[in-house]
Amino acid sequence: MNKKTAGILLNILFGVCLFYTSAFFSWTAMSKFDFGYSSMYKMLDIDGMVRKYAPKNADSEKKLFVLTDREEHERLFGEISRAINSAGEGLENIEFRPMMTEQSYKLLTTPEIQHLMDVSDVVFWFKISSYFFIVASLFCIIAMANQKIRPARPIIAVPVTLGVLCLSGLLIYAFGVKEVFYFLHEVVFKEHQWFFYYEESLMTVLMHAPDIFGYIALMLVILAFVFYTALMFIAGVLFSLNRGIN
C-alpha cells in the first residue's frame, strides 16, 4: 500500500472515530441539561398532551397526572434521563405528586420500566464503544504522525462531513422519520414492548413521543458536529506544531 492510499484510509478512519467520539461528547453534554426538555416543553405542548390524555388513562391513580404542572413534568423527565444514564437505576421508584396533595403515585408501568431498561442498555454499550473510538482516534493520530501523514484539512473534512450528514438526513426524511424510528425500535427492542399509546402511558404523554426524539436527535447531531469541527481544527494545529518542532 502506497503512502497516499494509506493516508486516505487513515483519514477516513480518523474522521469516523472522531465523529463517534464527538457524538459521545454531545450525549454527555446534553444529558447534563436533560436533553433540552425545558426548552422544548411549549413547542411540544406537553401541558396540552397531559390535559388531553391523562384523564383517558384506564388506571384511576394515573388519571391524577392531569393535576401535575410543568415543574413536576420537568422533574420527572430529569429523573428518567438520569436513570437511563445510570443503568436504569431508580426507574421503579419514580413517582409523581398531583398538586394540592401529599400523596405520590407510580409514574411507570412494568412494560415501560422494561423498555427504559432496554434503552439504558443501549446507552451503556454506546458509552463503552465510545471509549474504544476515543482510543482508536489517538492511534490514528500516532500512526499519521509516525508516517508523516497530514490529517485532512478542516476546510475540506468539515464540509465533507456536513454533506454526509445532510445526505443522511435527506434519506431519513425520504423514507419517513417515524417509519425509520419505528423500524429501528423493531430491530433493537424486538424482545419487549416498546410502543405505547398515549391513553395507556404517562411516559409517552410526558415525552410526547416519538416527536421529542426527532428534536433531540437533531440537537445531538448538531452539537456533535460542533465538537467534531473543533477537534478537527485542534488535530490540524497539533500536527502543524509537531511538524514545526521536528
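The values are calculated or read from the model by the stated rules, or taken from the named source; none is laboratory data. This is a predicted model, so every value here is computed, not measured. Don't worry about glycine lacking a Cβ; one is built from the backbone with ideal geometry, like all the others, and counts go over all protein chains shown. When the accessible area is computed, the model is the full protein with side chains, heavy atoms only, and any ligands, DNA or RNA have been set aside. Shrake-Rupley method; radii C 1.70, N 1.55, O 1.52, S 1.80 Å.
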Exercise for the section: Have a look at Ala174, Phe213, Met43 and report the one farthest towards the positive end of the charge dipole of the chain, computed about the Cα centre with Cβ charges (Lys/Arg +1, Asp/Glu -1). Expected result: Ala174
Fill in the blank from the handout: Extension length gain for Ala230 and Glu186 (0.36 nm per residue less Cα distance), in nm, is 12.3 nm
Handout entry: Relative contact order for segment 1-140, counting Cα pairs under 8 Å that sit 6 or more residues apart, in percent
Key = 29 percent
Exercise for the section: Would you list, by chain and number, the aspartates and glutamates whose Cα falls below 15 Å from the Cα of Lys52, excluding same-chain residues fewer than 8 positions away? Expected result: Asp69, Glu199, Glu200
Completion exercise
The pairs in Lys32/Lys148; Lys63/Lys127; Lys127/Lys178 lying past 32 Å Cα-Cα in this model are Lys32/Lys148; Lys63/Lys127
Exercise for the section: Taking the Cα centre of segment 1-142 as origin, sum charge times position over the Cβ atoms of Lys and Arg (+1) and Asp and Glu (-1), and report the length of that vector in debye to the nearest 20. Expected result: 700 debye
Practice task
Counting only heavy atoms of the protein chains, get the accessible area per residue of segment 102-246 (1.4 Å probe) and round it to a whole Å² value.
Solution key: 62 Å²
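In terms of solvent-accessible area of protein heavy atoms at a 1.4 angstrom probe, what is the ranking of Tyr105, Tyr173, highest value first?
From most accessible down to least: Tyr173, Tyr105.
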Practice task
Please name which of Tyr105, Ile141, Asn85 has its Cα lying farthest along the dipole of segment 80-163 towards the positive end, using unit charges on Cβ (Lys, Arg +1; Asp, Glu -1) and the Cα centre as origin.
Solution key: Ile141
Handout entry: Difference of contour (0.36 nm per residue) and Cα-Cα distance, Asp45 to Glu74
Key = 9.1 nm
Completion exercise
Which of (i) 1.03; (ii) 0.95; (iii) 1.08 gives Rg/Rh (Cα atoms, Kirkwood Rh) as computed here? It is (iii)
Handout entry: Theoretical gain in end-to-end length, Val237 to Leu170 [0.36 nm per residue, Cα-Cα removed]
Key = 20.8 nm
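Applying 1/(1 + (r/R0)^6) with R0 = 45 Å to the Cβ-Cβ distance of Gln147 and Lys127, what FRET efficiency is obtained, to the nearest 0.05?
Values: r = 31 Å, r/R0 = 0.69.
Using R0 = 45 Å, I get an efficiency of 0.90.
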Exercise for the section: Please work out the FRET efficiency for the pair Lys178 and Ser31, using the Cβ-Cβ distance as r and a Förster radius of 35 Å; give the result to the nearest 0.05. Expected result: 0.90
